[in-house]
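Report on the following structure.
The values are calculated or read from the model by the stated rules, or taken from the named source; none is laboratory data. It should be emphasised that the depicted structure is a prediction, and the values quoted were computed from it without experimental measurement. Here the Cβ is made from the backbone with ideal geometry for all residues, glycine too, and neighbour counts use every protein chain on show.
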Amino acid sequence: MAGISRRQAVAKLLKGRSRLLVVAGLGAPAWDCAAAGDHDLNFYLWGGMGSAAMVGLGLALAQPSYSVVVVTGDGEMLMGLSSLATIAVMAPRNLTIVVLDNERYGETGMQQTHTAHGADLARIADGAGFSWTTRVENLKDADVIGPKLHESQGPGLAVLKVAAEKLPLVLPPRDGALLKDRFRQALLEREAER
Amino acid sequence: MSTTLVDWPTRVHATLQAAAVRQVGFVPDAGLTELIEHCQTDPGISDVLLATEEEGVALAIGAWLGGDRAALLMQSSGVGNCINAFAALRTCRVPLLMIVTMRGDWGETNPWQIPLGQSAQRHLELADIITHKVSAVEDVAPAVGAATQMAFESSEAVAVLISQRVIGAKTFEG
């Protein structure tokens, strides 16, 4: 099948994570992050389509000493395109957006998104003023993204062209209040101990 | 009336400072000009220029995850843009202070502003957001003070709606 294995790519991205805060956009990107290993410092969105990047911005501004990665899908990112312009204005160096681009709305029946018709989210982010953007077509090239999360050269956006495959669901907790509380507890208690 | 009562932007900014609000998202509105300027010149506040209002709701969720308090400043028409994003505030129980300057509620001369102006408060209430509507200038700062306290101490989403009676109606003259 053409395209990167999304589960492998996300597993590699998050492997051995340290001082990394993860925001997962709704749908398959959230299941991919859960499949890589649930973590108190993962915040999974189960709704609020289009809001993942801005959640990442608020978090990145609040915690400049951490690296923040937003792992989301092409459909979710398309719904929040204006946030790319907003993020570029604030220019948080610790924020990276990773778009798992399968050119499909996976949760609703694999209908094509705009990226299937040529929309290029890396070029859109570049035009908005992101510090770096990249578009990756194979798993080996995806290896460069992991280190970039921690280089504080952001804001950055990486598009991974992933396979349009339906994978077994790996569901994280779905209670938003629980996800929020455990994230804050893990992060803010850790900070208090420093 | 004393100038300190009329100068609500300065008093509201002082309230945000005292409550340690660290991130303020905004879409500009004429009635918010001075408050936005106060926030922009405050080194303790990250002022975030939003392209559309719902970005500010998501910003506040991220801010709270990271331990920051956030506020959202917008015109009443922006309430309509936020509806889907509001759901996450309730689901995740995230506090948010909103300051909404009204159009379409008092002496409006642009008919396109009337629908949201007349329904913004009801939209907020349907989204389980607590609302305080203010029609007198001396009430603005106390209302924001109470809303700030309720937002961040009781983990609620609270909106203060400031009437055109306070900020005046745009006339399209000259």
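Against the numbered list (1) more than 7 Å from chain A (Cβ to nearest Cβ); (2) assigned to a helix (DSSP H, G or I); (3) within 14 Å of the chain's Cα centre (by Cα), B:Lys133 comes up short only at (2). The set of residues from the stretch B:12-56 being touching a Cys at 6+ places or on another chain (Cβ under 8 Å), of a type in the set (A, V, I, L, M, F, W, C) and within 14 Å of B:Ile99 (Cα to Cα) comprises B:Leu16, B:Val24, B:Phe26.
Restricted to helices (runs of 4 or more DSSP H) entirely inside the stretch A:105-194, those with at least 3 residues that are among the hydrophobic types (A, V, I, L, M, F, W, C) are A:121-128, A:176-193. With respect to A:Lys180, is the statement that it is touching a helix residue (DSSP H, G or I) at 6+ places or on another chain (Cβ under 9 Å), surrounded by 13 or more Cβ atoms within 10 Å (Cβ to Cβ) and of a type outside the set (A, V, I, L, M, F, W, C) true? Spelling it out, A:Lys180 is indeed touching a helix residue (DSSP H, G or I) at 6+ places or on another chain (Cβ under 9 Å), surrounded by 13 or more Cβ atoms within 10 Å (Cβ to Cβ) and of a type outside the set (A, V, I, L, M, F, W, C). Between A:Arg123, A:Arg104, A:Arg93, A:Arg135, the distinction of being within 14 Å of another protein chain (Cβ to nearest Cβ) and either closer than 25 Å to B:Gly56 by Cα or charged (D, E, K, R) (or both) belongs to A:Arg93 only. Checking every residue in the stretch B:1-19 against the condition of being surrounded by fewer than 23 Cβ atoms within 10 Å (Cβ to Cβ), within 12 Å of another protein chain (Cβ to nearest Cβ), in contact (Cβ under 8 Å) with a residue 24 or more places away in the chain and not in a helix (DSSP H, G or I) gives zero matches. Need pairs with beta-carbon distance below 7 Å; first residue within 11 Å of chain B (Cβ to nearest Cβ) and outside any helix (DSSP H, G or I) and within the stretch A:62-86, second hydroxyl-bearing (Ser, Thr, Tyr) and buried (at least 19 other Cβ atoms within 10 Å of the Cβ); sequence gap 6+ or separate chains. That search, which allows pairs on different chains as well, returns A:Gly80/A:Ser51.
For the stretch B:28-101, the helices (runs of 4 or more DSSP H) that sit wholly inside it and include 1 or more residues that are surrounded by fewer than 24 Cβ atoms within 10 Å (Cβ to Cβ), within 13 Å of chain A (Cβ to nearest Cβ) and hydrophobic (A, V, I, L, M, F, W, C) are B:83-92.
Going through (1) in a strand (DSSP E or B); (2) within 13 Å of chain B (Cβ to nearest Cβ); (3) over 26 Å from B:Ile45 (Cβ atoms) one by one, A:Phe43 falls short only on (3). On the stretch given as the stretch B:102-118, residues that are surrounded by fewer than 16 Cβ atoms within 10 Å (Cβ to Cβ) and in a helix (DSSP H, G or I) total 5. Candidates in the stretch A:46-60 are the residues that are surrounded by fewer than 24 Cβ atoms within 10 Å (Cβ to Cβ) and more than 7 Å from chain B (Cβ to nearest Cβ); of these, the one that is nearest to A:Val99 (Cα to Cα) is A:Met49. Within the stretch B:40-62, the set of residues being within 13 Å of the chain's Cα centre (by Cα) and among the hydrophobic types (A, V, I, L, M, F, W, C) comprises B:Val57, B:Ala60.
May I ask you to verify whether A:Val55 is at pLDDT 95 or above, part of a helix (DSSP H, G or I), touching a helix residue (DSSP H, G or I) at 6+ places or on another chain (Cβ under 7 Å) and more than 17 Å from A:Ala158 (Cα to Cα)? Judged against the criteria, A:Val55 is a match. The single condition from (1) over 10 Å from the mean Cα position of the chain (by Cα); (2) crowded, with 23+ Cβ neighbours inside 10 Å that A:Ala30 fails is (1).
Looking only at the stretch B:144-174, residues that are at positive phi, at pLDDT below 95 and either of a type in the set (Gly, Ala, Ser) or assigned to a helix (DSSP H, G or I) (or both) come to 2 in all.
Is it the case that the stretch A:159-167 has a residue that's more than 14 Å from chain B (Cβ to nearest Cβ) and in contact with a Ser or Thr (Cβ under 6 Å, 6 or more places away or on another chain)? Within the stretch A:159-167, not a single residue is more than 14 Å from chain B (Cβ to nearest Cβ) and in contact with a Ser or Thr (Cβ under 6 Å, 6 or more places away or on another chain).
Could you tell me whether A:Glu165 is without any contact (Cβ under 8 Å) to a residue 40 or more places away in the chain and among the acidic types (Asp, Glu)? Considered against the rule, which asks whether it is without any contact (Cβ under 8 Å) to a residue 40 or more places away in the chain and among the acidic types (Asp, Glu), A:Glu165 comes out as no.
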